[in-house]
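What follows is one structure encoded as structure tokens, with my remarks underneath.
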Amino acid sequence: MNIQELSDLFCKKFNTEKKGISSFFSPGRVNLIGEHTDYNGGYVFPCALNFGTTLLVKENNKGMFRFATTNFEKTGEVSIKPPFEKTGSDWYYYPLGVIDQFSKLGVSFTGLDFLFSGDIPNGAGLSSSASIEMVTAACINELFSVGINMVSLVKLSQKAENQFIGVNCGIMDQFAVGMGAKNKAIFLNCDTLDYELVPLEISGYKLVISNTNKRRGLADSKYNERRAECDTAVENLSQVRKIRNLSELSYSDFLALQDKISNPVVRQRTKHVISENQRVLEAIEALKSSDLIRFGKLMNESHDSLRYDYEVTGIELDTLVELARKVPGVLGSRMTGAGFGGCTVSLVKESSVDDFIKNVGKAYQEKTGLQADFYVAEVGNGTIKLS
Ligand code: GLA
């Protein structure tokens, strides 16, 4: 739906006129390399996509927040009076969590109508939740002249997800969605939040996102379990070397100290985190020196580490990656996001993209009975006010 159609729908749904409606946009993201490193204070290398969530908003002075979306039938109505509480799993708790954060900063409301419209597939690991959080954060920041900068909005949205939604995510998704820039990938140090926008020069190649369309059933609890395993590793290692997070160690530190980690599974998890950090640095060096073959190899190694050491892939992601790697013209393929379902990202020669989609799609369906979806990614800008 375009903005015109969305404004018509807004007026119909909330029985109001167009005057006074503001609109905002926030993208989804794909991570190119650096997975499960963000909450370990490590490096990530994501970029914003050119599709995402559009939000239309207007004050209603009715003492209520009213939430509607073009994506689900379900609407929400919540009193403006804090405290706000999450009492179910409906989609509108994501924007409500952000409102809760602004309320704690002292912003008071008289009532707002929200109409969201997203074109990020839900639960596909392309950050539909961070997108909805960031678009809400930008909107409230602007409408109420709160005056906080984008990086602070990123932190606020992550806090909403951690505290209100209860998912202990790192900062990568909200950062990529908020700070993305057209045709650039973001090299982010998740410990210091220092970042660099790196031109994504992959001329002759495309980033193809393949969606397993597997529902990410236990993803949140498994995610929190991995975080706890990393905390255990830090505790074990701290007996011999004071560290705040795993990313303070190099791979040779890991080799020297790994015996201090008593549980072999926790040792495997640590190996992934520390080697993945190293791969991000190498991948950026490869990209900067136009060595896409090396970049693709590092993508492959990243997936294999997530598969065998971090164990967050699963049959659907592994199948998509194995099939992708067989297609001539594919330099690398890996899962992206939290894992346990969701999407892969592959670096594919432009002239092979059609074959890729046809062959991988067919073989994937034969093997898993599921129909994959494919998106040729364009790298877009971060969160913005439209009008
Ligand atoms: C999810 C989380 C991120 C990050 C990735 C894994 O997308 O929201 O913070 O941890 O998983 O890299």
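The values are calculated or read from the model by the stated rules, or taken from the named source; none is laboratory data. All of these numbers come straight from a predicted model, not from anything done at the bench. Positions of Cβ are generated from backbone atoms using ideal geometry, with glycine treated the same way; all protein chains shown enter the neighbour counts.
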*Output the residues belonging to the range 191-219 that are of a type in the set (D, E, K, R) and modelled with pLDDT under 95.*
K214, R215, R216
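Which residue, of E196, E248, E235, is of a type in the set (D, E), in contact (Cβ under 8 Å) with a residue 40 or more places away in the chain and more than 16 Å from the ligand (Cβ to nearest atom)?
That would be E248, the only listed residue that is of a type in the set (D, E), in contact (Cβ under 8 Å) with a residue 40 or more places away in the chain and more than 16 Å from the ligand (Cβ to nearest atom).
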_S152 in contact (Cβ under 8 Å) with a residue 40 or more places away in the chain, over 22 Å from L56 (Cβ atoms), more than 15 Å from the ligand (Cβ to nearest atom) and among the small types (G, A, S)_ = no
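Residues checked against (1) under 25 Å from the mean Cα position of the chain (by Cα); (2) buried (at least 18 other Cβ atoms within 10 Å of the Cβ); (3) of a type in the set (K, R):
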{"residue": "G52", "(1), (2), (3)": "yes, yes, no"}
{"residue": "K62", "(1), (2), (3)": "no, no, yes"}
{"residue": "T70", "(1), (2), (3)": "yes, no, no"}
{"residue": "S117", "(1), (2), (3)": "yes, yes, no"}
*For the range 26-67, enumerate the residues that are away from the ligand (no atom under 14 Å from the Cβ), over 26 Å from Y375 (Cβ atoms) and touching a Gly at 6+ places or on another chain (Cβ under 9 Å).*
K58, E59, N60, N61, K62, G63, M64, F65, R66, F67
*If you go through the range 330-387 one residue at a time, how many are over 17 Å from the mean Cα position of the chain (by Cα), of a type in the set (G, A, S) and closer than 30 Å to L56 by Cβ?*
1
_Matching entry among K271, K260 (being more than 14 Å from L207 (Cβ to Cβ) and surrounded by 17 or more Cβ atoms within 10 Å (Cβ to Cβ))_ = K271
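Sort through P121, P82 and tell me the only one that's in a loop (DSSP other than H, G, I, E, B), touching a strand residue (DSSP E or B) at 6+ places or on another chain (Cβ under 7 Å) and surrounded by fewer than 20 Cβ atoms within 10 Å (Cβ to Cβ).
Checking each option against the conditions leaves just P121.
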*Applying the selection to the range 180-193, what residues are within 14 Å of the ligand (Cβ to nearest atom) and either not in a loop (DSSP other than H, G, I, E, B) or not aliphatic (A, V, I, L, M) (or both)?*
I186, L188, C190, D191
*Give just the number: which of (1) of a type in the set (D, E, K, R); (2) within 14 Å of the ligand (Cβ to nearest atom); (3) touching a Lys or Arg at 6+ places or on another chain (Cβ under 8 Å) does K159 not satisfy?*
(3)
*Just one of F295, F254 is out of contact with any strand residue (DSSP E or B) (no Cβ under 7 Å at 6 or more places or on another chain), in a helix (DSSP H, G or I), at pLDDT 95 or above and away from the ligand (no atom under 16 Å from the Cβ); which is it?*
F254
*Candidate set from the range 156-207 (those that are within 15 Å of G34 (Cβ to Cβ) and aromatic (F, W, Y)); member that is surrounded by the fewest Cβ atoms within 10 Å (Cβ to Cβ)*: Y195
*Only one of these conditions is not met by I202: (1) farther than 30 Å from S89 by Cβ; (2) within 16 Å of the ligand (Cβ to nearest atom). Which number is it?*
(2)
*asked:* Restricting to the range 280-297, give me the number of residues that are in contact (Cβ under 8 Å) with a residue 40 or more places away in the chain and under 17 Å from S250 (Cβ atoms).
replied: 4
*asked:* Quick check on my filter: what residues within the range 98-115 are buried (at least 18 other Cβ atoms within 10 Å of the Cβ) and either of a type in the set (D, E, K, R) or assigned to a loop (DSSP other than H, G, I, E, B) (or both)?
replied: D100, F109, D113
*Only one of (1) more than 13 Å from the ligand (Cβ to nearest atom); (2) modelled with pLDDT under 95 fails for A124. Which number is that?*
(1)
*So which residues in the range 298-332 are among the polar types (S, T, N, Q), closer than 18 Å to N31 by Cα and in contact (Cβ under 8 Å) with a residue 40 or more places away in the chain, if there are any at all?*
S302
